[in-house]
Amino acid sequence: MAYEPFNLKGKVALVTGGNRGIGLGMARALAQAGSDVVIWGSSATHNLAALGQLDTLGVRVLAQQVDVSDEAAVVAAMAEAVVAMGRVDTVIANAGIGAGARSFSEMTVEIWRRNMAVNLEGAFFTCREACRHMVARAQAGDPGGSIAVTSSLAAIDGAARNEAYAATKGGVIAMIKAIAVEHARWGVRANAILPGWIATDMTAGSQASTVFNEKVISRVPIRRWGEPEDFGGIAVYLASSASKYHTGDTFLIDGGYAIF
Ligand code: NAP
């Protein structure tokens, strides 16, 4: 009998921040593996552009305009997604912003709270609604589910001038480990993904900087920027039964940067 855990036909995956960058790379791979896909983004224009790509992949696709920092919007959107798609098996809380300051001394409370609102509270609202759905389903006799959060290398490496961002990314690792322990009894797994330096809109300024490329990217052992499609594999793995005994872990995907 063939080993086919990566065939995701019949499953539904929801990716927040799935209309661009790393999230779209994950959504595309999930759809190519056969999963129906739900993407969330705060911009209708970005959602429409992503739909144009995902709609060609032969699975059901739903794009919802949701600001993840808005608790009521997240609650309503998750409920709507479950009704529209019948169930949600995998939820990846990936939406994020990277607001820094010229120095920590100059970091305002507005910058601090904006990072917290989107990256930490947004992940909290998203994961909590995912858990509510998955636990209710398990209590009705259908256990299982996979939750992932996109953290960052910034959670474990000193991210100068980005202390607020780094705090949110450390926070989501602590949160996801607690979720993993609490929900294992329902068959729900929870893991964190830590990207290194990835070429997306978020890093456009650094990509354009000669100094950054010479001093930082030259030190990446794989010798290039990461790309959104480099996150397809981990998304499919975590959505699949191949990871059924894998929970509470952190996946560092950085081309080897952190170990060099
Ligand atoms: P990106 O290209 O800027 O994409 C950010 C995504 O998040 C977009 O889909 C955006 O959609 C969505 N988003 C932002 N604010 C939102 C909100 N309030 N509500 C809903 N959606 C929102 O960034 P990326 O590099 O792909 O980042 C994805 C994740 O990876 C983030 O959590 C980021 O912190 C993390 N990460 C990135 C890197 C990197 O080097 N790029 C490294 C480590 C970690 P809309 O435009 O529609 O709002």
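The values are calculated or read from the model by the stated rules, or taken from the named source; none is laboratory data. Quick caveat: nothing in here was measured; it's all calculated off a predicted structure. With ideal geometry, Cβ positions are generated from the backbone for all residues, glycine too; neighbour counts draw on all protein chains shown. Each accessible area value is taken on the protein alone, full model and side chains, heavy atoms only, with ligands, DNA and RNA left out. Shrake-Rupley method; radii C 1.70, N 1.55, O 1.52, S 1.80 Å.
The table for this structure:
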{"quantity": "Accessible surface of the chain, 1.4 Å probe, proportion on carbon and sulfur as whole %", "calculated": "55 percent"}
{"quantity": "Rounded if a/c under 1.5, otherwise prolate or oblate - the chain, Cα gyration tensor axes", "calculated": "prolate"}
{"quantity": "Acute angle (nearest 10 degrees) that the helix 71-85 long axis makes with the longest principal axis of the chain, alpha-carbon atoms", "calculated": "40 degrees"}
{"quantity": "Which of D254, D201, D230 is most accessible, then next, and so on - probe 1.4 Å", "calculated": "D201, D230, D254"}
{"quantity": "Probe 1.4 Å, all protein chains present, accessible-area order of K215, K169, largest first", "calculated": "K215, K169"}
{"quantity": "5 angstrom amide H check on F251, placed H, neighbours 5+ away", "calculated": "A192, I193, L194"}
{"quantity": "Amide proton proximity set for L62, modelled H, under 5 Å, gap of 5+", "calculated": "V37, V38, I39"}
{"quantity": "Sequence of T126, T250 from largest to smallest accessible area, 1.4 Å probe", "calculated": "T250, T126"}
{"quantity": "Exposure of R114 as accessible area (Å², to 10), given a probe of 1.4 Å and all protein chains", "calculated": "110 Å²"}
{"quantity": "Under 5 Å, built H, 5+ apart or other chain: amide partners of V188", "calculated": "G144"}
{"quantity": "Crossing angle, helix 163-183 versus the chain [Cα axis fit, 0-90 degrees, rounded to tens]", "calculated": "20 degrees"}
{"quantity": "Three semi-axes of the equivalent ellipsoid, the stretch 150-194, Cα gyration tensor, whole Å, largest first", "calculated": "25, 8, 6"}
{"quantity": "Folded to 0 to 90 degrees: helix 21-32 orientation relative to the chain principal axis, Cα", "calculated": "30 degrees"}
{"quantity": "Per residue accessible area in Å² of the chain, where ligands, DNA and RNA are left out and the probe is 1.4 Å", "calculated": "47 Å²"}
{"quantity": "Gyration tensor verdict on the stretch 1-153 (Cα atoms; rounded if a/c is under 1.5, prolate if a/b is larger than b/c, oblate otherwise)", "calculated": "prolate"}
{"quantity": "With DNA, RNA and ligands ignored, accessible area of W197 (1.4 Å probe; Å², nearest 10)", "calculated": "80 Å²"}
{"quantity": "Gyration tensor verdict on the stretch 105-187 (Cα atoms; rounded if a/c is under 1.5, prolate if a/b is larger than b/c, oblate otherwise)", "calculated": "prolate"}
{"quantity": "Surrounding net charge for T90, when Lys and Arg each add one and Asp and Glu each subtract one, Cβ distance under 14 Å", "calculated": "+3"}
{"quantity": "Accessible-area value, E163, 1.4 Å probe, nucleic acids and ligands omitted, Å²", "calculated": "60 Å²"}
